[in-house]
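Enquirer: Here you go, one structure.
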Amino acid sequence: MTQKKHSQSEMTLTVDSYWLEARQPLVCLVFLAPLLVIYELGVISMGGNQPELIRNGADYWMRSWLSQLGFTHTFLLPCLIVSTLLIWHICCKNPWKISAETLMGMFAESLLFAFCLIILGQVQDLAFQQLPEPTMMFIERESASRVVSFVGAGVYEEVMFRLLLLPLCYLLFRGMMLKVRWSAVLAIVTTSLIFSLAHYIGATGDQFSVFSFTFRTLAGLFFAGLFFLRGFGITVGAHATYDIIVGVMLVSGP
């Protein structure tokens, strides 16, 4: 009986350790590093003289802002992401160790949450089919370049909308003397709406439809909640995995 209780205690400790470790900045960095490398090398190898045609929108916008400040180095933005996560890790004083089991668990969670979002999209699809004239969103995809773009969306859209904009909105609402809970809720809703609207901006933006706007807003809420509950790394993984899976099925992702 004592041995059984001891085993249960060890299992609980392991689960708790994984739950915390998966949220640590260094672990998130190691987890998303392959995606960052695949995306940047893919843009360089496939983009040629016009890499902006392959770059994800959020990546393009952030590079444009840096360029206006006089910073034009190709690898500056990914270096800033790496530096931010490392500084975050140092400030949190987390241990400099990474478990392979944790990385595998994060990959499994990314798949799980990606499929959850797919199911959410199917449920919305069924709901819209009950309307008089549902607007579907099926968009043709190119294979290799689109996969690179999907990976970039997972990384840079989460950097822009969740890692940067979400805390800024939260601080803004807190500065308006709102309570912590309301500040968090309003920050999530606001950034989710901005996340959805951003897909229709610019010459390469998608054509607006109620279906796609609604789903992308729901996806923004989903990713924001995931960011709060499971951390940056798993959110990036789930976003990239979802876009790749849905892209292969020729359905537009958020």
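The values are calculated or read from the model by the stated rules, or taken from the named source; none is laboratory data. The structure displayed is predicted, hence computed values, not measured ones. Because the Cβ atoms are built from the backbone with ideal geometry, glycine has one as well, and the counts that use them run over all protein chains shown. Each accessible area value is taken on the protein alone, full model and side chains, heavy atoms only, with ligands, DNA and RNA left out. Shrake-Rupley method; radii C 1.70, N 1.55, O 1.52, S 1.80 Å.
Enquirer: Does Ser192 satisfy being surrounded by 14 or more Cβ atoms within 10 Å (Cβ to Cβ), out of contact with any Asp or Glu (no Cβ under 9 Å at 6 or more places or on another chain) and at pLDDT 95 or above?
Expert: Details: surrounded by 14 or more Cβ atoms within 10 Å (Cβ to Cβ): yes; out of contact with any Asp or Glu (no Cβ under 9 Å at 6 or more places or on another chain): yes; at pLDDT 95 or above: yes.
Considered against the rule, which asks whether it is surrounded by 14 or more Cβ atoms within 10 Å (Cβ to Cβ), out of contact with any Asp or Glu (no Cβ under 9 Å at 6 or more places or on another chain) and at pLDDT 95 or above, Ser192 comes out as yes.
Enquirer: Quick one: in segment 101-132, of everything that is farther than 17 Å from Ser212 by Cβ and not in a helix (DSSP H, G or I), which residue is least open to solvent (accessible area, probe 1.4 Å)?
Expert: In the first step, residues of segment 101-132 are kept if they are farther than 17 Å from Ser212 by Cβ; the result is 101-116, 119, 130, 132.
Now narrow it down to the ones that are not in a helix (DSSP H, G or I): 130, 132.
Details: Gln130: 147, Pro132: 129 Å².
Filtering first and then ranking leaves Pro132.
Enquirer: What pairs come out if I take residues in segment 13-40 that are closer than 15 Å to Gly237 by Cα and pair them with residues that are acidic (Asp, Glu) and outside any helix (DSSP H, G or I) whose C-beta lies under 7 Å away, six or more apart or interchain?
Expert: none
Enquirer: Scanning segment 30-86 for residues that are of a type in the set (Phe, Trp, Tyr) and surrounded by 15 or more Cβ atoms within 10 Å (Cβ to Cβ), which turns out nearest to Val147 (Cα to Cα)?
Expert: Narrowing segment 30-86 to residues of a type in the set (Phe, Trp, Tyr): 31, 39, 60-61, 65, 71, 75.
From what's left, surrounded by 15 or more Cβ atoms within 10 Å (Cβ to Cβ): 31, 39, 60-61.
Details: Phe31: 18, Tyr39: 9, Tyr60: 17, Trp61: 20 Å.
Selected residue: Tyr39.
Enquirer: Quick check: is even one residue across segment 80-100 assigned to a loop (DSSP other than H, G, I, E, B) and either closer than 17 Å to Ile234 by Cα or under 19 Å from the mean Cα position of the chain (by Cα) (or both)? First the steps, then the outcome.
Expert: Start the filter on segment 80-100 by keeping residues that are assigned to a loop (DSSP other than H, G, I, E, B), which leaves 93-99.
Next, from what is left, pick out any that are either closer than 17 Å to Ile234 by Cα or under 19 Å from the mean Cα position of the chain (by Cα) (or both): 98-99.
Within segment 80-100, one or more residues are assigned to a loop (DSSP other than H, G, I, E, B) and either closer than 17 Å to Ile234 by Cα or under 19 Å from the mean Cα position of the chain (by Cα) (or both).
Enquirer: For segment 196-212, how many residues meet the condition of being without any contact (Cβ under 8 Å) to a residue 60 or more places away in the chain, under 17 Å from Leu166 (Cα atoms) and either surrounded by fewer than 18 Cβ atoms within 10 Å (Cβ to Cβ) or among the hydrophobic types (A, V, I, L, M, F, W, C) (or both)?
Expert: Residues flagged as without any contact (Cβ under 8 Å) to a residue 60 or more places away in the chain, under 17 Å from Leu166 (Cα atoms) and either surrounded by fewer than 18 Cβ atoms within 10 Å (Cβ to Cβ) or among the hydrophobic types (A, V, I, L, M, F, W, C) (or both) within segment 196-212 amount to 1.
Enquirer: Filtering segment 213-254 down to residues that are at pLDDT 90 or above and of a type in the set (S, T, N, Q), which residue is surrounded by the most Cβ atoms within 10 Å (Cβ to Cβ)?
Expert: This residue is Thr235.
Enquirer: On the basis of being open to solvent by less than 60 Å² (accessible area, probe 1.4 Å), in contact (Cβ under 8 Å) with a residue 24 or more places away in the chain and more than 13 Å from the chain's Cα centre (by Cα), does Ser145 make the cut? Steps first, please.
Expert: On the way: open to solvent by less than 60 Å² (accessible area, probe 1.4 Å): yes; in contact (Cβ under 8 Å) with a residue 24 or more places away in the chain: yes; more than 13 Å from the chain's Cα centre (by Cα): yes.
Yes; evaluated as a whole, the condition is true for this residue.
Enquirer: Would you please list the contacts, defined by Cβ atoms under 9 Å and residues six or more apart or on different chains, that run from a residue in segment 61-75 that is in a helix (DSSP H, G or I) to a residue that is open to solvent by less than 60 Å² (accessible area, probe 1.4 Å) and among the charged types (D, E, K, R)?
Expert: Pairs found: Arg63/Arg55.
Yes/no per residue for (1) modelled with pLDDT under 90; (2) on the phi < 0 side of the Ramachandran plot; (3) of a type outside the set (Val, Ile, Thr):
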| residue | (1), (2), (3) |
| --- | --- |
| His6 | yes, yes, yes |
| Met11 | yes, yes, yes |
| Val15 | yes, yes, no |
| Arg23 | no, yes, yes |
| Cys28 | no, yes, yes |
